[in-house]
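J.: A single structure is presented below for examination.
Derivation of every value follows stated rules applied to the coordinates shown; laboratory data play no part. None of the values given here were measured: they were computed from a predicted structure. All Cβ positions, glycine included, derive from the backbone under ideal geometry; neighbour counts span all protein chains shown.
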Amino acid sequence: MSTIPTEGPEIPIAVRTDDARFANLPDFPFAPYYVEVANPYHATMLRMHYVDEGPRDAPVVLMVHGEPAWSFLYRKLIPVFVEAGLRAVAVDQIGFGRSDKPTRPSHYSFANHIDWVRQLVTALDLRDVTLVCQDWGGPIGMGVVAREMDRFSRICAANTMLHTAEPALAGRIEWAAHAEGELDSTVSAALLDWRMASTRSPDFEASPSIPFATARGVSDEVAAAYDAPFPSEWHKAGMRQYPILIPVTENDEGAAINRETWSALARFDRPFLTLFGDVDPPTRGWAEIFQERVPGATGQPHQTLERAGHFWQEDCGAEAAAILVEWIRGTTA
């Protein structure tokens, strides 16, 4: 009778991607910087990576990525911000990029993701911050704003969302997720398929998502760079978990967190800009909701990026950064 082998007790709490995986990536010459953030499940700290370019005493542009990206996504924007005299900070969320990666999916809670980015912001004492957030970078970055409001001067919401599954979202967003009565929710099949693929696919990789969700495509070399942080299944726990954290019922922990964020944004009267690519079903409809609900969005030069997908940073990153530089200058007292 054969014995089924076990992994034993040596499964690490977290893993770290070898630096060699990040060598010679296209157009990504930036030096790595790190802060340590608390691991709520273990006494050891987690190392969190960020790019930090430009004058340290300049106004900050904080770029927060989503699924399944990392700071590499913002490589076309960073030089534009630096040339404009701004400090460009692009974070790797825990579980992504050069940051440490807990191996247990349950460690990647919505609340933990917000707290990890908040710890980076406070450790660096970032102030006069313009938040540029896309995909999951929106709920996470704006969740940090809700808890550190005084540090942020502006927000640019770019192909992002803030799900609460509230009934009022019915008919407003293309990837539906809203309550129907007290017991039911209506959820887009595309959203459900994405959630299932992230957990069930035996070969879940980052690279296929990038060209699929751009309008102009990317080279094979660029697509492959998105796989650099994830050499094994242990490294992929965060990437697999993020789609599952999208709230599809009002009782979801994430829906409660996003309701708190919406309450904070209802008081945000500083400049708030929407900058959405025009080819992105998952976030279609959210720009108008942000414009309606955030006081600071009134009178701002909201724009739709043409021939730009979910990952508009790949399609027209430098052009979008130039738009943001002009906006920042125009809203600086």
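J.: Quote the charge dipole size of the chain about the Cα centre in Debye, to the nearest 20; the model charges only the Cβ of Lys and Arg (+1) and of Asp and Glu (-1). Walk me through the numbers on the way to the answer.
T.: On the way: 28 positive and 45 negative charges, 117 e Å.
It comes to approximately 560 debye.
J.: Sort 233-239, 303-309 by the packing proxy (mean of other Cβ within 10 Å over each peptide's residues), most packed first. Can you show the working numbers first?
T.: Values: 233-239: 19.3, 303-309: 17.7.
In descending order of packing, they fall as 233-239, 303-309.
J.: State whether region 39-126 is rounded, prolate or oblate according to the following rule on the C-alpha gyration tensor (a ≥ b ≥ c being the square roots of its eigenvalues): a/c under 1.5 gives rounded; otherwise a/b larger than b/c gives prolate, and the remaining case gives oblate. Provide the component values of the computation, followed by the final result.
T.: Values: a/c = 2.76, a/b = 1.82, b/c = 1.51.
Here region 39-126 falls in the prolate category.
J.: Let me ask you something else. Which order, highest average first, do 129-142, 72-85 follow once you tally other Cβ atoms within 10 Å for each residue and take the mean per peptide?
T.: Details: 129-142: 26.4, 72-85: 21.0.
Put in order of decreasing packing, that is 129-142, 72-85.
J.: Additional query: With the dipole of the chain worked out from charges on the C-beta (+1 for Lys and Arg, -1 for Asp and Glu) around the Cα centre, which of TYR226, HIS113, LEU305 lies farthest toward the positive end?
T.: The Cα lying farthest towards the positive end belongs to HIS113.
J.: How many percent of DSSP beta bridges within region 29-330 run antiparallel, rounded to 5? Before the final figure, lay out the partial values.
T.: On the way: 14 of 37 bridges.
Counting only bridges with both partners in region 29-330, antiparallel ones make up about 40 percent.
J.: Another question, then. Given a cut-off of under 8 Å on Cα pairs at least six residues apart, what relative contact order in percent is computed for the chain?
T.: Working: 653 pairs, mean separation 64.4, N = 333.
Worked out over the chain, it gives 19 percent.
J.: Find how many whole Å separate the alpha carbon centroid of region 109-125 from the alpha carbon centroid of region 36-88.
T.: 12 Å
J.: Between rounded, prolate and oblate, where does region 171-247 land on the alpha carbon gyration tensor, with a ≥ b ≥ c its root eigenvalues, rounded for a/c under 1.5, else prolate if a/b exceeds b/c? Walk me through the numbers on the way to the answer.
T.: Numbers: a/c = 3.44, a/b = 1.69, b/c = 2.04.
Because a/c hits 1.5 or more and a/b fails to exceed b/c, region 171-247 counts as oblate.
J.: Using alpha-carbon positions, what is the distance between the centroids of region 17-32 and region 208-260, in Å?
T.: For region 17-32 versus region 208-260, the Cα centre distance is 20 Å.
J.: Further question on the same structure: Arranged from highest to lowest average of other beta-carbon atoms within 10 Å per residue, in what order do the peptides 58-71, 165-178, 106-119 appear? Mind dumping the intermediate values first?
T.: Numbers: 58-71: 25.2, 165-178: 17.2, 106-119: 19.8.
Top to bottom by mean Cβ count within 10 Å: 58-71, 106-119, 165-178.
J.: Let me ask something additional. Cα gyration tensor of region 80-138, axes a ≥ b ≥ c as square roots of the eigenvalues: rounded (a/c below 1.5), prolate (a/b > b/c) or oblate? Display every interim value, and only then the final one.
T.: Working: a/c = 2.26, a/b = 1.99, b/c = 1.13.
Cα axes put region 80-138 in the prolate bin.
J.: ALA333 to ALA168: extension gain in nm, 0.36 nm per residue of separation minus the Cα-Cα distance? Before the final figure, lay out the partial values.
T.: Numbers: separation 165, 0.36 × 165 = 59.40 nm, distance 3.63 nm.
Separation in residues times 0.36 nm, less the Cα-Cα distance, equals 55.8 nm.
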